[in-house]
Every structure is written in C-alpha cells, then in structure tokens.
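Before any comments, here is the structure.
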Amino acid sequence: MKPAANIYLIGLMGVGKTTIGKQLAKALQWPFYDSDKVIEECTGVDIPTIFSYEGEEGFRLREQAVIHHLSMKQGIVMATGGGAVIKPENRQALIENGFVVYLQCSIDKILHRTKHDTQRPLLRTENPRLRLQTLLAERDPLYSACADFKIDSGVLPTKTVVKTILQQYRAALEDHERIAS
C-alpha cells in the first residue's frame, strides 16, 4: 500500500460497497466513486444496456479503463463492481494503489438486499441463489488475494463497519510509515 493511499471496496453485489463507501468518504472528507456509476455516466446508459449490447466482456473492458483511471487519483474511496477482480489488471491496480477492503456478506442477506433491484444483469436468472453461490465460489479467491482487510458487512451495523475499516486503514498507514522511516 502506498502512503496516502486510496480505499477500495470489493466484494459481491449487494454487500454494501456503495453505502459503506459513501460513509467512509464522508468521514475522510474524500471524494467517493462507484465504478459502475462512473461507467454509466461515461456511456450515458445503464449497466444492463451495456451488457445487452456489448456482453459482459464489453462491460469488463469499460470497467478496466475506469478502474485504471480512478486508481491513479490520490485520496479517494472507490466501490468497485462485484466482478472487477476478474481482470488481473484491475487486481493489480487496486493492490498497488490503495487499501483494499473485502466486504463479505451471506448469500441470504445479499438476496434480501437485491430482491427488488432490476439493475443487476447477472441476477436475471431462474435461480439467483445458485448464481450468487457460483459467483462467490469463483471470485472469493480473487477477493481474498487482493484484500488488505476483510469484514462481514452483513452482520455488523454500517457505522461499525465504517469505524472498523477506518481503524484498520489508519493502522496500515502507521505501519507503512514506521517501515519507511
């Protein structure tokens, strides 16, 4: 982690990356970015539309460009899309330029949080539970490999999650400064 590094939130859809990210940014008085929202702003269309015209691969290329661009900034909080860790280039950008927090959450909680959300193309399936289980099985090793810190955002109040992340981030900065001096 670089000094004055950014904070990046990773994890499956519905784990609270945007909600927690906004509160972290407010506490730090830093700008907040949601990589999916940035993609939508740049293209002028929503994520499901990108998926329908360009497929997942087209979306992932757009996501890679946005993550690369945002990871070059200093002093930001960024919530990534749930699949951002699929591309090695994204994992490298996150690891090299910030403090990476893996937000974990039970499948039941994610299903509850996303049951009325129509903006999640990967959950448009007969069996969303199975889809989430499959995604978690595929992505958990990638999330874990990137993470400086892991926390369950499904069992703790949001304020507690934010406070704990800030404590861990500040401790990591102190460790980095101690090693550098």
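The values are calculated or read from the model by the stated rules, or taken from the named source; none is laboratory data. For clarity, every value in this text was computed on a predicted model and none was experimentally measured. For neighbour counting, all protein chains shown are included, and Cβ atoms are generated from backbone atoms with ideal geometry for every residue, glycine included. For accessibility, only protein heavy atoms count, side chains too; no ligands or nucleic acids. Shrake-Rupley method; radii C 1.70, N 1.55, O 1.52, S 1.80 Å.
Distant-in-sequence amide contacts of G154, defined by a placed amide H-H separation under 5 Å and a gap of 5 or more residues or a different chain, comprise S106. Given +1 at the Cβ of Lys and Arg, -1 at the Cβ of Asp and Glu and no other charges, the dipole of the chain around its Cα centre is 520 debye to the nearest 20.
With every protein chain left in place, what is the accessible area per residue of the stretch 1-131 in square angstrom, probe 1.4 Å? Display every interim value, and only then the final one.
Numbers: 6290 Å² over 131 residues.
Spelled out: the 1.4 Å probe surface of the stretch 1-131, per residue, equals 48 Å².
Summary of packing: across the peptides 43-50, 63-70, the per-residue average of other C-beta atoms within 10 Å ranks them, highest first, as 63-70, 43-50.
Can you list which of the DSSP-assigned H helices in the chain have a Cα extent of 20 Å or more along the long axis and an average Kyte-Doolittle score of at least -1.0? Walk me through the intermediate numbers first.
Numbers: long enough: 47-71 (27 Å, -0.25); 128-146 (26 Å, -0.26); 158-180 (33 Å, -0.46).
Going by DSSP H runs, the hits are 47-71, 128-146, 158-180.
R178 contributes about 150 Å² of solvent-accessible surface, heavy atoms of the protein only, 1.4 Å probe.
The radius of gyration of the Cα set in the stretch 5-87, together with its Dmax, comes out at 12.5, 38 angstrom.
The orientation-averaged shadow of the Cα convex hull for the stretch 89-181, equal to a quarter of the hull surface, comes to 7.3 nm².
What shape does the stretch 43-111 have by the C-alpha gyration tensor, where a ≥ b ≥ c are the square roots of the eigenvalues, rounded means a/c under 1.5, and otherwise prolate means a/b greater than b/c and oblate the rest?
Values: a/c = 1.89, a/b = 1.13, b/c = 1.68.
It is oblate, given that a/c is not under 1.5 and a/b is not larger than b/c.
Sorted largest first, the principal axis extents computed over the alpha-carbon atoms of the chain equal 54, 33, 28 Å.
Going highest first, how would you order 89-102, 7-20, 27-40 by mean Cβ packing within 10 Å?
Top of the packing list down: 7-20, 89-102, 27-40.
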